[in-house]
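First comes the structure, then the notes that go with it.
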Amino acid sequence: MARVCEVCGKGPGIGNSVTHRGKAKYLGGVGTKITGITRRQFRPNLQRVRVTTGNGTHKTMRVCAQCIRSGAIAKTVRSAPFKLPAAESAENAPVQRPKKKSKKK
């Protein structure tokens with residue numbers, strides 16, 4: 001089904017679009033008025049994402065942004081991340097801290 005998250009099932013919600021006019025009282029106006037209320041749809045923020053399934057295969061799914069951010073899915077790694085050779089040796093080297101200077105009075 002279109003416009004539905006394949007993980008959590010989140011779909012479009014229905015609400016109102018409220019139109020205002022006028023200047024707010026705290027800004028020195030006479031207040032805002034509602035000039036129109038129309039029905040509208042709140043659609044989920046769906047993204048097409050390549051996902052690694054449980055058995056190791058890859059599949060393209062339509063997933064909402066909330067599921068991506070929460071870690072409900074595992075995105076596929078298309079290529080291994082690039083690492084500098086110097087960074088690998090620096091990770092294994094001991095950390096040298098500068099000595100503190102004592103104050104002489």
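Tabulated results
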read-out: Inter-residue pairs, beta-carbon under 8 Å, first within 25 Å of Val4 (Cα to Cα) and in segment 61-86, second part of a helix (DSSP H, G or I), 6+ apart; value: Ile73/Cys67; Lys75/Ile68
read-out: In segment 37-67, residue surrounded by the most Cβ atoms within 10 Å (Cβ to Cβ) [restricted to those that are at negative phi and small (Gly, Ala, Ser)]; value: Ala65
read-out: Qualifying residue in segment 12-30 (condition: among the charged types (D, E, K, R) and part of a helix (DSSP H, G or I)); value: yes
read-out: Within segment 55-105, considering residues that are part of a loop (DSSP other than H, G, I, E, B) and of a type in the set (Val, Ile, Thr), the one modelled with the lowest pLDDT; value: Val95
read-out: Residue list for segment 1-57, restricted to those being under 30 Å from Ile73 (Cβ atoms) and among the polar types (S, T, N, Q); value: Gln41, Asn45, Gln47, Thr52, Thr53, Asn55, Thr57
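The values are calculated or read from the model by the stated rules, or taken from the named source; none is laboratory data. Everything numeric in this text was worked out from a predicted model, so none of it was measured. Heads up, the Cβs are rebuilt from the backbone with ideal geometry, glycines too, and the neighbour counts pull from every protein chain shown.
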